[in-house]
Protein chains: 2
Amino acid sequence: MNLELDRYGLWEGINEVIVTTISSDGKPNAAPIGIIRHEGKLMVRVYNGSQTYTNIMETGLLAANMVYDPVLFVRSALSDVDDDVFEFIRTDNVEDFPVIADCNAWMLFEAEYNRENTVLVAELHPVTGTIRHKEIRPVNRAFNAVIEAVVLATRYKVFKNEKYILQIKSYSNTIYKCGGSTDKNAYDLIFRLL
Amino acid sequence: MNLELDRYGLWEGINEVIVTTISSDGKPNAAPIGIIRHEGKLMVRVYNGSQTYTNIMETGLLAANMVYDPVLFVRSALSDVDDDVFEFIRTDNVEDFPVIADCNAWMLFEAEYNRENTVLVAELHPVTGTIRHKEIRPVNRAFNAVIEAVVLATRYKVFKNEKYILQIKSYSNTIYKCGGSTDKNAYDLIFRLL
């Protein structure tokens, strides 16, 4: 199984992906979440109060979508994404589960959790997956800075501490110097959604 | 040509790659450098005093190597790399030019520059290239933090200002929380090489 995880890019450490889930009444959701791989196990930590938390409780399922679209990271973290970002897959176990249509790869998991606390800690068991599009992708510091800014923006939404806004603004130089137009648009979108 | 650059992952903005060059007496060199793509042109800025600068002056050539090895970014920024990281390619124009053996892709360029100042600003004209290994690679904030720490470490080497060391140390939490062993090793190596 480890080899399979490697092939999907899920390496040791925390892999930042877009997690898609579905509610019991069929509404899809997307959120950026870290998939933790440690000593051969995959884990995820999801905060109570999020739609992802509720959906995992209802279905026991989530999909990790490997994507590089900075706008999608921003939008899924700070608001709802448009319905057309989703595509619905069908497997032996599941009918019509949402994944990100433009993802490079997705992997569907069963989530095994013991307790329902402030944080849901679940071990993930792969069900199936598809690799759609491998590519060459050098480091871009602006894209990376957008990801950091998204992390800070989600903290700001919870704690409303202005220090997070200042930290987000500190990425402006890197993003405008190193970024392409998509990175810059994603960064600007953060301020519009906060 | 733009389509070809896209295929090699060289998108609008600054792409952080390992640049390989060779001296007139045949010694290969590697250094992390940003390849700037702006309005359809590729450019590079290289500081006088670096081996990369001297080698480009001598040969007019450089190769961009797309790699994800954080240890290679650290080592090539702060010291010499071992000879065995290189492999020598042969093209119609060039005999035995060094590229990184373990790269995902490399692209060879002719560098067109007008002036020889503190900073060499060169336009890059693609000669040839090879894509070796496409992959799925989700965001890892620890890998990204190593890249930021490398940028700060190269500034520290020039300016010897302790504020850069403090900034490098500020990445410790992210790297130990989100990183795999390679990211952690790369980060520790920065302090040994400074």
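Quick note: the coordinates plus some simple rules give every number you see, no bench work behind them. Just so it is clear, the structure is predicted and the values come from calculations on it, not from any experiment. Glycine also receives a Cβ, built like all others from the backbone with ideal geometry; neighbour counts cover every protein chain displayed.
Annotations
- A:Asp92 versus A:Thr59: modelled label distance in nm, points set 7 Å from Cα along the beta carbon direction: 2.0 nm
- Position A:Asp102: other-copy label points at 3.3 nm, ordered by increasing distance, label point 7 Å along Cα→C-beta.
- Within 10 Å of each Cβ in B:170-179, the average number of Cβ atoms from other chains: 2
- Averaged over B:4-14, number of beta-carbon atoms from partner chains that fall within 10 Å: 5
- Debye intensity ratio I(q)/I(0), log10, chain A, q values 0.19 Å⁻¹ (C-alpha model): -1.43
- Peptide B:29-39 has a mean shielding of 1, counted as Cβ atoms of other protein chains within 10 Å of each residue's Cβ.
- Take A:Asp6, move 7 Å from Cα toward the beta carbon, and the resulting point lies 3.2 nm from the same point in each other copy, nearest first.
- Calculated label separations, A:Asn173, copies of the chain, 7 Å along the beta-carbon direction, nm: 2.2
- Region A:1-106 shape via C-alpha gyration tensor axes, a/c threshold 1.5: rounded
- Placing a label point 7 Å from the Cα of A:Arg7 along the Cα-to-Cβ direction, the residues of region A:63-81 with a backbone N closer than 18 Å are A:64-66.
- Set of lysines near B:Lys163 by C-alpha distance (under 21 Å), chain-local residues within fewer than 8 positions excluded: A:Lys163, A:Lys169
- Annotation: peptides B:92-105, A:145-158, ranked by per-residue average of other Cβ atoms within 10 Å with the highest first, follow the order A:145-158, B:92-105.
- Dipole of region B:141-193, positive direction: furthest Cα of B:Leu193, B:Ile168, B:Tyr156, with charges on the beta-carbon: B:Tyr156
- Reachable lysines from B:Lys27, criterion Cα separation under 24 angstrom, eight or more residues apart if same chain: B:Lys157
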